[in-house]
2 protein chains.
Amino acid sequence: MARVVVDVMPKPEILDPQGQAVAGALPRLGFDGVTEVRQGKHFELEVDDSVDDDTLAKIAEGFLANPVIEDWTIRRVEQ
Amino acid sequence: MARVVVDVMPKPEILDPQGQAVAGALPRLGFDGVTEVRQGKHFELEVDDSVDDDTLAKIAEGFLANPVIEDWTIRRVEQ
């Protein structure tokens, strides 16, 4: 078994209203110094050792991210 | 300036219907070997050097995560 983390973020040129809402609220709430917030998705997968990196790439591109508007990273983490 | 990543995940005892939907769909789509999927949120913040770890902890706990149902991690990343 292995743990795999896939982080999915909106591409830089894509507006991110959720992140902008957080970034805009923080100064009003008394927290200065945060100049940008972007919000994406974080997936944690438990996979059998038989699942190779090519398969993980297909899963991430096909079902976890939308390649038109999102970038993603895949990494295996120690358990 | 520093980049800070905050990952927010549902606590282990909290149901995660989004993750379960992905995990349930993968075998039907021809991808075996993924035994669990959990979905959370991934935030990337750009912060001034004046923002210390205590402030980041308050921001994460108060505005990025719901402490009742979510766990979170905070880490500074190299740019």
**Request:** Evaluate segment B:6-26: report whether one residue or more is away from every other protein chain (no Cβ under 11 Å) and in contact with an Asp or Glu (Cβ under 6 Å, 6 or more places away or on another chain).
**Result:** yes
Note: among B:VAL22, B:VAL5, B:VAL77, just one is out of contact with any His (no Cβ under 8 Å at 6 or more places or on another chain) and surrounded by 14 or more Cβ atoms within 10 Å (Cβ to Cβ), namely B:VAL22
When segment B:59-77 is checked residue by residue, the ones that are acidic (Asp, Glu) and without any contact (Cβ under 8 Å) to a residue 40 or more places away in the chain are B:GLU61
For segment B:39-53, pairs from a residue that is farther than 22 Å from A:VAL5 by Cβ to a residue that is surrounded by fewer than 18 Cβ atoms within 10 Å (Cβ to Cβ) and among the aliphatic types (A, V, I, L, M), with Cβ under 6 Å and 6 or more apart or across chains, are B:VAL47/B:ALA2
Over segment B:24-63, the set of residues of a type outside the set (D, E, K, R) and closer than 19 Å to B:PRO12 by Cβ is B:GLY24, B:VAL34, B:THR35, B:VAL37, B:GLN39, B:GLY40, B:HIS42, B:ALA60
Note on segment A:37-57: residues at the interface with chain B (Cβ under 7 Å from one of its Cβ atoms) and either of a type outside the set (D, E, K, R) or in contact with an Asp or Glu (Cβ under 6 Å, 6 or more places away or on another chain) (or both) are A:VAL37, A:ARG38, A:GLN39, A:GLY40, A:HIS42, A:PHE43, A:LEU45, A:GLU46, A:VAL47, A:SER50, A:VAL51, A:THR55
Note on segment B:1-38: residues in contact (Cβ under 8 Å) with a residue 40 or more places away in the chain and assigned to a strand (DSSP E or B) are B:ALA2, B:ARG3, B:VAL4, B:VAL5, B:VAL6, B:ASP7, B:VAL8, B:MET9, B:PRO10
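None of the figures in this text is laboratory data; all of them are computed from the coordinates on show. From a predicted model like this one, the values you see are computed outputs, not experimental measurements. Quick reminder, even Gly has a Cβ in these numbers, built from the backbone with ideal geometry, and neighbours come from all protein chains shown.
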